[in-house]
Structures are given as structure tokens and as C-alpha cells.
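Okay, so here's the structure we're looking at.
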């Protein structure tokens with residue numbers, strides 16, 4: 001889904017390094033979709049909490065799930081404000097000047113309100129999440145029992161006040177530094193997947209399904 | 001530095017999946033040190049903020065830095081409460097039951113107060129950070145000017161109320177699920193570094209220093 005960029009708000013407008021800022025939804029969605037892990041910030045009794053959790057996106061909403069008993073979900077069920085972030089580390093930058101060493105990264109930050117999904121939205125969203133991990137996974141797996149459905153909650157948040165930051169180059173250095181004999185460049189970092197590993201308890205006669213063989217993180 | 005585990009507090013004691021919890025300082029330090037990126041949560045005017053930033057550890061403190069002008073550092077200079085988190089994604093788990101799909105990960109969460117470092121601590125900490133990226137980097141790079149020192153601030157936080165979570169196996173499944181003919185296992189994920197890439201503006205006669213050749217993320 002391609003959408004026009006929204007004007008940044010005071011919170012999402014990058015003030016420093018503002019040339020790294022991206023406000024177009026395609027860039028933002030791609031960064032969100034390329035990760036299975038986000039960090040969700042929220043406030044309980046005036047104090048900050050950050051919970052790493054897995055997320056997924058459907059249109060203009062990001063979703064995460066958890067147990068009905070979790071502290072995070074109990075707090076967020078009340079519709080509190082949340083700050084959603086995703087970060088990919090892409091490289092380490094070696095610069096000529098000590099204070100120009102840097103990271104290459106892509107990140108998204110979104111401010112909004114947590115919304116507890118109703119039962120219908122929850123069921124559809126968890127199916128989308130599962131098939132988003134690997135197409136066909138939902139139909140392959142043992143379906144949730146009523147008890148499991150009951151114990152699981154889904155929170156979502158609208159992507160509205162949102163911005164991305166893409167640092168994929170090298171920092172601009174001073175003219176005198178460029179003229180020096182110091183080396184500069186970067187070391188790329190990539191999250192690489194290994195070969196699937198079967199559960200040691202698995203009956204070796206059970207074949208690996210195609211959605212695992214074809215899995216691409 | 002090896003230390004005895006501290007008893008968890010109400011916030012750091014894992015209530016769900018508590019068999020994944022680790023409270024010993026060696027495990028916690030190893031997870032923190034294995035990443036160059038953390039997420040720092042804080043509260044401004046009652047609203048949650050999460051900022052991804054690079055961190056380093058010296059003994060019992062974690063440090064991060066930024067510009068004197070940054071919103072995060074301005075707020076944190078007042079000694080506000082912060083929530084520090086580090087997350088490594090290590091794999092995707094395919095389970096027999098739809099709701100047992102999971103992630104393998106190592107994470108740390110620490111609650112504390114931001115402390116603006118004084119000038120002496122800042123200077124020593126930034127040197128440690130730089131040499132922590134690659135040994136020898138501080139002496140190789142062009143030293144900071146007075147102006148650069150002035151524009152840079154360092155925040156630290158004591159690691160006291162802190163816990164780790166290590167999910168490196170497969171979830172326990174129901175007996176009936178183990179007896180099914182469904183495949184289960186995991187796909188490992190690893191952050192892999194590529195060969196160093198020189199700055200396109202670099203004079204090709206300038207040799208790559210050993211600390212870049214030997215760099216290990």
C-alpha cells in the first residue's frame with residue numbers, strides 16, 4: 001500500500017541529522033515489515049517501560065500480542081499512549097574524526113495509543129501474523145483451543161505520527177579530515193539465516209514442510 | 001567482572017515464562033556487550049519515548065551519548081527515570097501448535113535513573129567507547145576539538161534493577177502435539193559482518209588499519 005507522506009509533527013520531525021529523516025509510508029512500512037521484533041515503550045505510574053515483542057503490520061496499523069496476564073497488555077488494554085520503535089543495525093562506520101564514528105541503521109518511531117482488539121479483529125490478526133511468518137503456516141499448525149484463544153490478546157496502534165531514519169552512508173567530515181591520511185569506511189552487518197534445525201524430539205520420518213524450506217527472514 | 005546475582009525486584013522478576021529469566025551479572029553483561037544498539041525509554045510530560053542509540057558498558061554502568069541539543073539528552077540531563085533495553089534476535093521457532101510459534105532471543109531490561117556525566121567522566125567514557133568499537137581507534141582518529149567536546153554529552157545509568165531473558169530453545173508443547181505428524185524446529189538468525197568497504201572519497205593509497213581488518217562485531 002503506497003501512501004503520500006504525512007507532514008511530521010513536533011515529535012516526529014528530526015531536528016538533528018534531519019537529512020536522515022524519511023516520512024514516506026513506503027519507506028516506513030518496509031522498515032517495519034523487515035523486522036519481527038519491535039520495542040514498545042509505555043508509562044505505568046509515571047515510569048517508563050520498554051518491552052521487546054514481535055509485531056506485524058496490517059495496512060495502517062501495527063499489531064503485537066501477548067498473554068491476558070502480561071503487565072504490558074494489562075496496562076495497554078486501557079488505551080494508554082505508546083511509542084513503537086523498530087531498529088535494524090546495518091553497519092559500523094569508521095571515520096577520520098573520533099566523534100564521527102557512527103552506526104548505519106534503519107529505524108522507525110511511531111507515537112500513538114494502544115487499542116485492545118475485539119475478538120473478531122484478534123482472530124483475523126493472529127491468523128495474518130502466523131501466515132506472515134510463513135505462508136500456509138496457519139492451516140498447517142494445530143489450531144488454537146478455546147482456552148488458548150481466551151488467554152491471548154492482541155493490541156494494535158495506528159501508524160499516524162510516525163517517521164523513519166535511514167543512516168546508510170558515511171557522515172560528512174571536515175575538509176581537513178578528508179585531506180588527512182586516515183582510513184575511513186564501514187563494515188556492513190546483515191542478519192543472516194542458517195539452515196532450519198529440527199526439534200530434537202521430532203520423529204525423523206516427518207518431512208520438513210515447504211514453508212520452512214522456503215522461509216526467508 | 002563477575003558478580004553475584006541480585007534478587008529481582010517486582011519489575012524485573014519475570015512472571016510469565018519465568019524459566020527464561022536470568023539474573024546473574026555475567027549473562028546480563030554478555031548480552032549488553034554483544035550489541036552496539038540499545039533502546040532507551042523515558043517519559044516527557046507523561047508520554048513515552050523510546051530512542052534507539054548506541055551504548056557501551058563500563059563496570060556496573062551503561063553509557064550512551066548524544067548532542068547537547070538532543071531532546072533525549074536534554075530530558076535525561078535532569079536525572080529522570082529510564083528503561084534501558086537490549087535485544088538480540090536469534091531465531092524463528094516453528095511449532096506444532098499455532099500459538100506456540102515464537103522467537104529465539106536474548107534481551108536485557110534495566111530500570112534506573114539517567115545521570116549526566118561530568119566532564120572528566122565524559123572524556124574517559126567516550127575514549128572507552130571508541131576503543132571498545134575497535135582497540136586503538138581513539139589514538140588513530142583525529143582527536144575531538146574543544147567545540148566537539150562541548151557539543152557532546154554522555155549519560156550513564158547504573159545497572160542495579162536489571163534482568164535478562166534468554167529464549168534459546170523450543171517452547172514446551174502439549175503431549176498430543178508431540179504425538180502429531182507436524183514438523184517443528186527453528187531457523188537460526190545471526191548478525192554477520194561483511195568485508196570492510198572503504199569510503200569512496202578515500203585516497204586508495206591509504207591502507208586499511210589493522211583494527212578494521214581485525215574488527216569483530
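Where a number appears in this text, it was derived from the coordinates with a stated rule and is not lab data. Remember, predicted model here, so these are calculated numbers, not experimental data. Cβ placement follows ideal geometry from the backbone for every residue including glycine, while neighbour counts extend to all protein chains displayed.
If each DSSP helix of 4+ residues adds -39,500 (n - 2.57) and the sum is divided by the residues in the protein assembly as shown, what number results at 222 nm, nearest 500 deg cm²/dmol?
-5500 deg cm²/dmol
Let me see the P(r) profile for the stretch A:39-97: every Cα-Cα distance counted, bins of 5 Å, each bin given as a percent of all pairs.
The distribution over the stretch A:39-97 is 4, 13, 24, 22, 13, 7, 6, 6, 3, 2, 0, given as percents.
Please work out whether the stretch A:122-168 counts as rounded, prolate or oblate from its C-alpha gyration tensor, where a ≥ b ≥ c are the square roots of the eigenvalues and a/c under 1.5 means rounded, while otherwise a/b larger than b/c means prolate and anything else oblate?
The shape class here is oblate.
With labels modelled as points extended 7 Å from the Cα through the Cβ direction, what inter-label distance (nm, one decimal) is found for residue A:30 paired with residue A:77?
3.9 nm
Mind listing the label-point distances from residue B:123 to the same position on all other copies, shortest first, one decimal in nm, points 7 Å along Cα→Cβ?
In nanometres, ordered from closest: 6.7.
Over what distance in Å are the Cα centres of the stretch B:149-165 and the stretch B:41-64 separated?
Cα centroid to Cα centroid, the span is 6 Å.
Using the 7 Å Cα-to-Cβ label point, sort the distances from residue B:77 to its equivalents in the other copies shortest first and give them in nm to one decimal.
Result, one decimal in nm: 4.2.
May I ask for the angle, rounded to the nearest 10°, between helix B:119-133 and the longest principal axis of chain B, with both axes built from Cα atoms and the value confined to 0 to 90°?
In chain B, helix B:119-133 runs at an angle near 60 degrees to the longest axis.
Quote the FRET efficiency, to the nearest 0.05, computed for residue A:11 versus residue A:213 with a Förster distance R0 of 45 Å and r equal to the Cβ-Cβ distance.
Given R0 = 45 Å and the Cβ-Cβ separation, E is 0.55.
If you take the square roots of the eigenvalues of the alpha-carbon gyration tensor of chain A and sort them as a ≥ b ≥ c, do you get rounded (a/c under 1.5), prolate (a/b over b/c) or oblate?
Oblate, since a/c reaches 1.5 and b/c is not below a/b.
Measuring label to label, 7 Å along Cα→Cβ, what does residue A:10 give against each other copy in nm, shortest first?
3.4
Which of the three applies to the stretch B:22-145, rounded, prolate or oblate, going by the alpha-carbon gyration tensor with a ≥ b ≥ c and a/c under 1.5 meaning rounded?
Working: a/c = 2.31, a/b = 1.47, b/c = 1.58.
Because a/c hits 1.5 or more and a/b fails to exceed b/c, the stretch B:22-145 counts as oblate.
Please find the FRET efficiency linking residue A:172 to residue B:119, where r is the Cβ-Cβ separation and R0 is fixed at 22 Å, and quote it to the nearest 0.05.
My answer for the efficiency is 0.25.
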